[in-house]
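These notes are about the structure you will find just below.
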Amino acid sequence: MKVGVLALQGAFAAHIEMLESLGAAAFEVRGAEDLAEADRLVIPGGESTTMSMMIERTGLRAALEGHLARGLPVLGTCAGAILLARAVQHGRGDQLHLGALDIDVARNAFGRQRESFEVDLEVAGLHEPFHAVFIRAPRITRVGESVEVLAALDGSPSLVRSGSVMASTFHPELSGDTRIHELFCSVAPGASGQGDPTGPTPEAGPT
Ligand code: GLN
């Protein structure tokens, strides 16, 4: 399975390493030609405003929108989740939100005291809690009806899925636990944000 990781800015290297450890052929996506090779895509954490500008500058926006509309499975983590959202609070007015997932997010929503923290999260479909690393994390402030909440922290969704689109407000690539990536690799391709009834197989490995 060929998994592209958007590599314009941010924490892409750790995703590539984790995906390779699962046996996937992971590679950096820097332009539309790279994206065309991908069976699925990870949009990593980083700075959503910077990533947004670079997506526009590299001309990747139209390609991303096209592949998402055709059902390319995508996992957005932290800044990646912000880029997939329908609406963004506390963002730059012109920052990109692809609307691939029917969620609204508020950037940097945990306050200065809690800029970075780690917590064990219960995740639907996983037998043991997942040790989640949050770094200047956004808060998901609204989820649409098609969106399934797989984990929540303090009452806010922190891992969500709709059809072939998944998003986490934490960094699943940083705790040496591959289970979220395995879950993502098992999601069936489908229409973007349409609530695919088949869903992922919990704890299944990539094929
Ligand atoms: N605060 C960042 C943003 O708004 C996201 C932080 C992260 O990805 N770790 O883009």
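Here Gly23 fulfils each of the conditions (1) on the phi < 0 side of the Ramachandran plot; (2) away from the ligand (no atom under 16 Å from the Cβ) apart from (1). Quick one: is Val105 in contact with a strand residue (DSSP E or B) (Cβ under 6 Å, 6 or more places away or on another chain), surrounded by 14 or more Cβ atoms within 10 Å (Cβ to Cβ) and over 27 Å from Leu68 (Cα atoms)? So Val105 fails the test.
Note on segment 1-14: among residues that are in contact (Cβ under 8 Å) with a residue 60 or more places away in the chain and part of a strand (DSSP E or B), the one that is farthest from the chain's Cα centre (by Cα) is Val3. Could you list, in sequence order, all residues of segment 40-57 that are among the hydroxyl-bearing types (Ser, Thr, Tyr) and touching a helix residue (DSSP H, G or I) at 6+ places or on another chain (Cβ under 8 Å)? Hits for segment 40-57 are Ser48, Ser52.
Does at least one position in segment 15-24 carry a residue that is outside any helix (DSSP H, G or I) and surrounded by 14 or more Cβ atoms within 10 Å (Cβ to Cβ)?
yes
Quick check: is even one residue across segment 91-101 in contact with a Pro (Cβ under 9 Å, 6 or more places away or on another chain) and hydrophobic (A, V, I, L, M, F, W, C)? Within segment 91-101, not a single residue is in contact with a Pro (Cβ under 9 Å, 6 or more places away or on another chain) and hydrophobic (A, V, I, L, M, F, W, C). Against the condition surrounded by fewer than 22 Cβ atoms within 10 Å (Cβ to Cβ), at negative phi and touching a Lys or Arg at 6+ places or on another chain (Cβ under 6 Å), how does Asp39 come out, does it pass? Here the answer is yes, as Asp39 does meet what is asked.
Residues of segment 99-135 that are within 13 Å of the ligand (Cβ to nearest atom), assigned to a loop (DSSP other than H, G, I, E, B) and modelled with pLDDT of 95 or more: Arg107 alone. Restricting attention to segment 157-183, the residues that are in contact (Cβ under 8 Å) with a residue 40 or more places away in the chain and in a strand (DSSP E or B) total 8.
The values are calculated or read from the model by the stated rules, or taken from the named source; none is laboratory data. On a predicted model such as this, the values are computed, not experimentally measured, just so you know. Methodologically, a virtual Cβ is constructed for each residue, glycine included, from the backbone with ideal geometry; neighbour enumeration extends over all protein chains shown.
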